[in-house]
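What follows is one structure encoded as structure tokens, with my remarks underneath.
Only the coordinates and a few stated rules stand behind these numbers; no lab work does. The structure displayed is predicted, hence computed values, not measured ones. So basically every Cβ, Gly included, is an ideal-geometry build from the backbone, and we count neighbours across all protein chains shown.
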Amino acid sequence: MQYNLAQLLMEPTGSTRDYEVDESFRGPEDGMDRVQGWIRVLRTHQGVIVSARLETQVSLTCSRCIKVFEHNSLIKMEEESSPTIDPDTGKQTEPLDEDDSELDLDDQHVLDMGEVVRQYILTGLPIKPLCSEECRGLCPECGSDLNEEKCKCEAVLMDPRWGALAELLTERRG
């Protein structure tokens, strides 16, 4: 997602460019995922403001049943960027801020949105991805997918760390 903004930087403050986005990218689990939407670039007196509304489709692995599923999300972003070289004079410019975003324009006035969009996507992903809230996961004993079939294990094994407490309960009942 690279956009040449050289012409826009020569235009007056308030000028805009709109771009449609429909691209594939390498997702967090190395699959080919999609991003679709629009990007608007607004010329300011010091650089540009980039606004975007993007819908993403990312393949994730469910943390309970380990099946791959599609996770859809909406990203809304607004970032400010400045050219590294003044388009009128060709001289090096100072960045707007020490902690400026990753959206600096290169020396050819090309805006590369790839890394920033990737970071927005990654921060929007769930920490523990689930294919559905009702996902029952896998049987810890036999590994059966509990969403598809009833477990064939007869008894539920107890965690050995609770063994001493279980013995106390048995003694009290007996």
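A few points about this structure:
- Taking the chain as a Gaussian network of alpha-carbon nodes connected by springs under 10 Å, the highest mean-square fluctuation of the residues Ser81, Ser132, Ser73 belongs to Ser132.
- Each Lys or Arg adds one and each Asp or Glu subtracts one; over the other residues with Cβ under 12 Å from the Cβ of Gln36, this totals -3.
- Computed from the Kirkwood radius of its Cα pairs, the Stokes-Einstein diffusion coefficient for the range 1-84 at 4 °C and 1.567 mPa s stands at 89 µm²/s.
- Note on the chain: lysine pairs with Cα distance below 26 Å, sequence gap of 8 or more or different chains, count 5.
- Based on DSSP H segments of at least four residues, each scored -39500 (n - 2.57), the chain has a per-residue ellipticity at 222 nm of -4000 deg cm²/dmol.
- Globularity index of the chain, i.e. its alpha-carbon radius of gyration over 2.2 N^0.38 Å: 1.66
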